[in-house]
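The values are calculated or read from the model by the stated rules, or taken from the named source; none is laboratory data. Keep in mind that this is a model prediction, so the values were computed, not measured. Reconstructed Cβ throughout: ideal geometry from the backbone, glycine too, with neighbour counts over all protein chains shown. The accessibility values were calculated without ligands, DNA or RNA, using every heavy atom of the protein model including side chains. Shrake-Rupley method; radii C 1.70, N 1.55, O 1.52, S 1.80 Å.
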Amino acid sequence: MTATMIDGKAFAAGLRERVGAAAATFTARAGRRPGLAVVLVGEDAASAVYVRSKGKATVASGMESIEHRLPADTTQDALIALVDALNADDAVDGILVQLPLPRHIDEQAVLIRIDPDKDVDGFHPVNAGRLATGMDGLVPCTPLGCILLLKDRHASLSGMEAVVIGRSNIVGKPMAQLLLKESCTVTTVHSRTRDVAGHVRRADIVVAAVGIPAFVRADWVKPGATVIDVGINRTDAGLVGDVDPAAAEVAGAMTPVPGGVGPMTIAVLMRNTLVAAHRRAGLPAPEGL
Ligand code: GUN
């Protein structure tokens, strides 16, 4: 068997198209464009690339991009003062502070200061709590992108065995919550799990987010399973996911790296900004996103 490769790039392009159309409707109704503020502290090269891509995607979606680039020696107090100013600015619907922050800044202290209703990364504990309790909130972009791909592949995820590999606050934990919300039976495996292969072998859905090249071996994958590879590992052999590409011989469907989950993250960030703008303006949530 050879897996259907899930085309995240095409799905993300479609999502961005729908967001762009809904953003135009918002602008006509609200008399202003949705606005996303992105804050970059320091000169990390990868972060600078991400921030540029986010700014471009924001403008391409018909939204206002507000960029703040601060020097690497910016104090935590100065960064928090900027977050406070963005919280108070009515033209700003979404705030994203690019991670990682320089070592002298406490990331949690900054993230907790962002207005939860502008927290388009979904990293604030209030949004984590809303997700865990089934309230409307903002959901982290990468796991939400994975769910959109899964729901595109399966009409219902109800009753499926899902195994999430990794327990980060950014991917693993919110991913498990989202799968639970879809009525999957969810297992989270991590570095202390005794028999990772044994768990993965039972899974109808595997989401790999460990950051170890080709960690999930082909012989761990149940024939026909849907495999979502969140890994983006830069190796001498180029960009490699967390799943051995040979797993595509066993899986029913699988995301490639690159071109799978990666393109979804920014598309979902655009979606989250649009959703935040609607909620802040008291407008009903846009449909079909
Ligand atoms: N750095 C790497 N990924 C992310 C992300 O999704 N959000 C933020 N804020 N920083 C990141």
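Can you classify segment 243-289 as rounded, prolate or oblate using the Cα gyration tensor, where a ≥ b ≥ c are the square roots of its eigenvalues, rounded means a/c under 1.5, and otherwise it's prolate if a/b beats b/c and oblate if not?
prolate
Rounded, prolate or oblate for segment 1-74? Axes are the square roots of the Cα gyration tensor eigenvalues, ordered a ≥ b ≥ c, and the cut-off for rounded is a/c under 1.5.
Oblate, because a/c is 1.5 or more while a/b does not exceed b/c.
Given a Förster distance of 35 Å, report the FRET efficiency between Glu17 and Asp219 from their Cβ-Cβ distance, rounded to the nearest 0.05.
Step by step, r from the Cβ atoms, then E = 0.35.
Local charge sum around Arg153 (other residues, Cβ-Cβ under 13 Å, Lys/Arg +1, Asp/Glu -1)?
After counting each charged neighbour, the total is -3.
Per the Debye formula with a single identical scatterer at each Cα and no solvent contribution, what log10 I(q)/I(0) holds for segment 1-40 at q = 0.18, 0.26 Å⁻¹?
At q = 0.18, 0.26 Å⁻¹ the computed log10 ratios are -0.68, -0.88.
Which order do the peptides 125-135, 35-45 take when ranked by the mean count of other beta-carbon atoms within 10 Å per residue, highest first?
Packing order, densest peptide first, comes out as 35-45, 125-135.
Based on DSSP H runs of at least 4 residues, each adding -39500 (n - 2.57), what is the mean residue ellipticity at 222 nm of the chain after dividing by all its residues, to the nearest 500 deg cm²/dmol?
-12500 deg cm²/dmol, from helical runs alone.
Can you tell me the order of 4-10, 250-256, 281-287 when each peptide is scored by its average per-residue count of other Cβ atoms within 10 angstrom, highest first?
Put in order of decreasing packing, that is 250-256, 4-10, 281-287.
At what distance in angstrom do the alpha carbon centres of segment 48-108 and segment 1-35 lie from each other?
So the two Cα centres are separated by 22 Å.
Using 0.36 nm per residue, how much length does the chain from Ala10 to Ala78 gain when fully extended, once their Cα-Cα distance is taken away?
Full extension from Ala10 to Ala78 adds 20.5 nm.
In degrees, nearest 10, range 0 to 90: what is the angle between the Cα axis of helix 141-153 and the longest Cα principal axis of the chain?
50 degrees
For the chain, evaluate the Debye formula with one uniform point scatterer on each Cα (no solvent term) and list log10 I(q)/I(0) at q = 0.06, 0.12, 0.14, 0.16 Å⁻¹, rounded to two decimals.
The Cα Debye sum returns log10 ratios of -0.19, -0.77, -1.04, -1.30.
Just to check, using Stokes-Einstein with a Kirkwood Rh over alpha carbon pairs, what's the diffusion coefficient of segment 51-95 at 37 °C and 0.692 mPa s in µm²/s?
277 µm²/s
What does the charge add up to near Thr185, with Lys and Arg as +1, Asp and Glu as -1, over the other residues with Cβ less than 12 Å from its Cβ?
-2
Over the Cα atoms of segment 53-178, what is the Rg over Rh ratio if Rh follows Kirkwood?
1.00
Between helix 172-181 and the chain, what is the angle of the helix's C-alpha long axis to the longest principal axis, kept within 0 to 90° and rounded to the nearest 10?
80 degrees
By the gyration tensor of its Cα atoms, with a ≥ b ≥ c the square roots of the eigenvalues, what is the shape of segment 156-216: rounded for a/c under 1.5, prolate for a/b over b/c, or oblate?
Oblate is the answer for segment 156-216, as a/c is 1.5 or above yet b/c matches or exceeds a/b.
So for segment 17-141, averaging the separation of alpha carbon pairs under 8 Å that are six or more residues apart and normalising by length, what relative contact order in percent results?
That works out to 23 percent.
Considering the zone a paramagnetic label at Ala132 would reach in this model (a point 7 Å from Cα along the Cα-to-Cβ line), which residues of segment 96-113 have amide N under 18 Å from it?
108-109, 111-113
Report the relative contact order of the chain, percent, no decimals, based on alpha-carbon pairs under 8 angstrom and at least 6 residues apart.
23 percent
Could you tally the net charge around Glu287, taking each other residue with its Cβ under 13 Å from the Cβ of Glu287, Lys/Arg +1 and Asp/Glu -1?
Local net charge: +2.
Using a 1.4 Å probe on the protein chains only, how many percent of the accessible area of the chain belongs to carbon and sulfur?
Whole-percent figure for carbon plus sulfur exposure: 53.
Using +1 at the Cβ of each Lys and Arg and -1 at the Cβ of each Asp and Glu in segment 153-247, identify which of Gly172, Ala209, Gly241 lies farthest towards the dipole's positive end.
Gly172
Per residue and in Å³, how big is the convex hull formed by the alpha-carbon atoms of segment 207-289?
109 Å³
Under a cut-off of 30 Å between alpha-carbon atoms, report the lysines in cross-link reach of Lys118, not counting same-chain residues fewer than 8 places apart.
Hits, sequence-local ones excluded: Lys9, Lys54, Lys56, Lys151, Lys173, Lys181.
When ligands, DNA and RNA are left out and all protein chains stay put, how many square angstrom of accessible area per residue does the chain have with a 1.4 Å probe?
For the chain, the per-residue accessible area is 45 Å².
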